[in-house]
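Read through the structure below, which is laid out as structure tokens, and then see the notes.
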Ligand SMILES: C[S@@+](CC[C@H](N)C(=O)[O-])C[C@H]1O[C@@H](n2cnc3c(N)ncnc32)[C@H](O)[C@@H]1O
């Protein structure tokens, strides 16, 4: 599994955000619900309760800043920094956060920013695995948290040997493609997902897990071909584009090891795994 190359990651994501349009907003609710579930807040009331004493918040690798908007809705008083390295993400994020004067969009590298004040809460969702040394990124977040502050982060999980081997094979090749070529590749992959979905073979059971149809099963176990008939086609393409642009995956031991290396004294508030990601919430408990 190759380490993500910072220059390529920056390049691929900036290209993706140059394409972002209405479809990014159209899925906010789906992703926000997923965030609330994975980190254990369940609903807006739960998140508002968690955020009520948070004065300064960082969303690291904000993309379109969907999560910052969610935080702003739940706490209008907090200062919220939405950070991304991509100029196009910054542009889209600024547009999305216009109605929220407590949000500030900053273009910076999440792996080495310098802030005058530590944060009460850092959220880094769907990003950490795109950084070259995730344990160092965790360490950087930890150093920028107040004692008692909370860090939420997610990491993609390994699936199985076959799916992981195919992912690595394609990712190695994808690093040699231009963003246009990778987008085209992601479109073809999405058509494959669509074709599988259109077969109409529903309710696949495998080792105690239920998959709504054969596309979900193939996607999870054999070949990355994300497709969701309920969302804009380009959004499914962008998800496959992100994936193949370089997306290391981890197992539970690797996540544990990364936390041991990257984090000082902490309390685990939540450790959740679903089909796609580990979602972890930790509290910093001393100045280390
Ligand atoms: C998969 S997107 C996730 C965006 C957002 N967190 C979400 O869940 O929709 C990853 C984002 O992280 C940003 N990113 C990756 N590495 C970064 C770095 N070192 N510094 C700042 N942003 C970075 C990319 O530009 C991209 O917008």
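The values are calculated or read from the model by the stated rules, or taken from the named source; none is laboratory data. Because the structure is a prediction, the values reported are computed rather than measured. When we count neighbours, we look across all protein chains shown, and the Cβ atoms used for this are built from the backbone with ideal geometry, even at glycine.
Among the residues of the range 2-31, those identified as over 15 Å from residue 175 (Cβ atoms), modelled with pLDDT of 85 or more and within 16 Å of the chain's Cα centre (by Cα) are 14, 16, 17, 28, 29, 30, 31. Of all positions in the range 78-90, at least one carries a residue that is assigned by TED's automatic domain parsing to the domain that holds residue 273 and exposed (fewer than 15 other Cβ atoms within 10 Å of the Cβ). The residues of the range 98-113 that are more than 13 Å from the ligand (Cβ to nearest atom), in a loop (DSSP other than H, G, I, E, B) and either within 20 Å of the chain's Cα centre (by Cα) or loosely packed, with under 15 Cβ neighbours inside 10 Å (or both), listed by number, are 98, 99, 101.
Comparison of 67, 53 shows that the only residue that is under 18 Å from residue 102 (Cβ atoms) and in contact with a helix residue (DSSP H, G or I) (Cβ under 7 Å, 6 or more places away or on another chain) is 67. Being closer than 26 Å to residue 20 by Cβ and assigned by TED's automatic domain parsing to the domain that holds residue 276 is the requirement here; does residue 178 meet it? No.
In the range 1-50, how many residues are more than 30 Å from residue 269 (Cα to Cα) and touching a strand residue (DSSP E or B) at 6+ places or on another chain (Cβ under 9 Å)? Matching residues across the range 1-50 total 2. Looking across the range 218-246, the residues that are crowded, with 19+ Cβ neighbours inside 10 Å and either in contact with a strand residue (DSSP E or B) (Cβ under 6 Å, 6 or more places away or on another chain) or not in a helix (DSSP H, G or I) (or both) come down to 224, 225, 226, 227, 245, 246.
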